[in-house]
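The structure appears right after this line, and notes come after that.
Readers should treat all values here as calculations from the given coordinates under stated rules, not as data from a laboratory. Since the structure is predicted, the reported quantities are computational estimates derived from the model, not experimental observations. Methodologically, a virtual Cβ is constructed for each residue, glycine included, from the backbone with ideal geometry; neighbour enumeration extends over all protein chains shown.
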Amino acid sequence: MPLDVRQRCQAVLSGIAACALAAVLAAAPPASADASTAADTWTEVGSDRADPLTESQGLASVEVPANSPNRYTGIGTIPLGLSTRGWNHVGDPDASYDGHYIEPYQRDDGAAKMFRVQAPDGTWSEYTHALGSGEALNNSWAAVSPDGQWMLSGEWGTMNRLLVFPTPGVNPATSPSANLPQAATVRLDRPVRDVQGCDFVTATRLLCSSDDPAGTLFGITKPLLQIDLSAAPSGTADVTGQVTALRQLPLRSACSGTFEAEGIDYDRRTGTLRVIVVSPGFCVLTDSKTYRFTRG
C-alpha cells in the first residue's frame, strides 16, 4: 500500500472502508492497461525429428479438408519444374482456414517473388509479386489472417516492417495472371532480425520464429517473438505491431555449432505451437527437431 494512502487511513478512523478501497485502487494497474497485449508463456511439451530434406524450412497445419495431414517444406519438396525456372528456395508455408495452402518461393536473381497456392480441390497456381522499391527479394514465410483475405510476409535481415498482401487464391482481387500487389505494411515498434516464420494466433496477434544469431535486439539469440497488431490487417491502411521476445527457442544437439531456427505453425484446433530448429554440423541429419509448445 502506498505511504500516503496508509497515513490517511490511520488519520481518519471513520473512513476505514473508503481508505481501504483507495489503497486497492492505488496499487492496481491503470484502468487503461491493455490486457490483450500481455505476453503469453509457451512451454515445451515434446519434439519430433525434422527430416533435413523435406521438413527443414517450414510447416503448416491444414484444417480443410478435415483430417488433413500437416504439411512441411524443405529443399526436397521443391518441384523440379520450379527449380529449373530458378525458384530454388521455399520458405515457411501457411494455409487459410478454408483450406488454401500457400508456399512462398524466392530465387537468386530477378525482381520478383512467388507464392504457390494449392486450392482445396488439389489444383495448383502461381502468383508472382514484383518487388517494390527497396524491397528485399527474400520470401521466407507466409501467414494468412484468420478472415482469409490478407497474407503477411517478411524480408530477411534487420527489418522494422512486415508486408501485407491480398491472400493469393482467396482474396477476389488476386489472379495468377496479374501482379500480386503489396496492399499495406505492418510498422513494428522495434526491429526484428532474420524472421523465418510467423503465424496468426488471433486476428491481431502473431507468433514468429527468429533466427537472430547476434542476440543484440532482445538479449537472446533465436527468440520466439510475439507481435501484437493495433488492428486486424485490412489491406486499406497500415497498422502498427508491438514486438515482445517471449523466450529462446530450444538449442539442443549432440553437435556444437550454429543452430538455425526455421518455420513456425500454430494449430488453433489443438492450441499447439510448433517450431523447427535445425541442428549444427552433421547433426542436421540426426537430431534436428520440430518442437511442440502449449500456452501456459
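Observations on the structure shown:
- Evaluated at q = 0.07, 0.08, 0.15 Å⁻¹, the base-10 log of the normalised Debye intensity for the range 37-295, with identical point scatterers placed on the Cα atoms, takes the values -0.21, -0.27, -1.05.
- Farthest toward the positive end of the dipole of the chain, out of Thr174, Pro223, Trp87, is the Cα of Pro223, where the dipole comes from beta carbon charges about the Cα centre.
- For Val164, Val64, the sequence from fewest to most other C-beta atoms within 10 Å is Val64, Val164.
- Choice from Ala214, Ala261, Ala39 showing the highest fluctuation, given a GNM over the chain with Cα pairs closer than 10 Å: Ala214
- For the pair Ala254 and Arg295, the difference between a 0.36 nm per residue extended length and the Cα-Cα distance amounts to 12.0 nm.
- Dipole size of the chain about its Cα centre, with +1 on Lys/Arg Cβ and -1 on Asp/Glu Cβ: approximately 680 debye, rounded to the nearest 20.
- Helical runs (DSSP H, four residues minimum) scored at -39500 (n - 2.57) apiece and divided by the length of the chain put the mean residue ellipticity at 222 nm at -2500 deg cm²/dmol.
- Range of Cα positions in the range 174-249 per principal axis (Å), largest first: 42, 26, 19
- GNM result for the chain, Cα springs below 10 Å: residue of Thr128, Thr158, Thr221 fluctuating most strongly: Thr158
- Peptides 81-87, 110-116 ranked from most to least packed give 110-116, 81-87, packing being the mean of other C-beta atoms within 10 angstrom over each peptide's residues.
- GNM result for the chain, Cα springs below 10 Å: residue of Gly154, Gly134, Gly235 fluctuating most strongly: Gly134
- 3J(HN,Hα) couplings calculated from phi for the range 214-222 with the Karplus curve 6.51 cos²θ - 1.76 cosθ + 1.60 (θ = phi - 60°) are, in sequence order, 8, x, 7, 7, 10, x, 9, 8, 6 Hz; Gly and Pro show x.
- Ranked for footprinting exposure by Cβ neighbours inside 10 Å, fewest first, Trp42, Trp141 give Trp42, Trp141.
- Overall dimensions of the range 142-294, expressed as equivalent-ellipsoid semi-axes from the Cα gyration tensor (√(5λ), whole Å, largest first), are 28, 17, 15.
- What the phi angles of the range 127-132 give under the Karplus curve with 6.51, -1.76 and 1.60, with θ = phi - 60°, is a coupling list of 10, 9, 10, 6, 4, x Hz, glycine and proline written as x.
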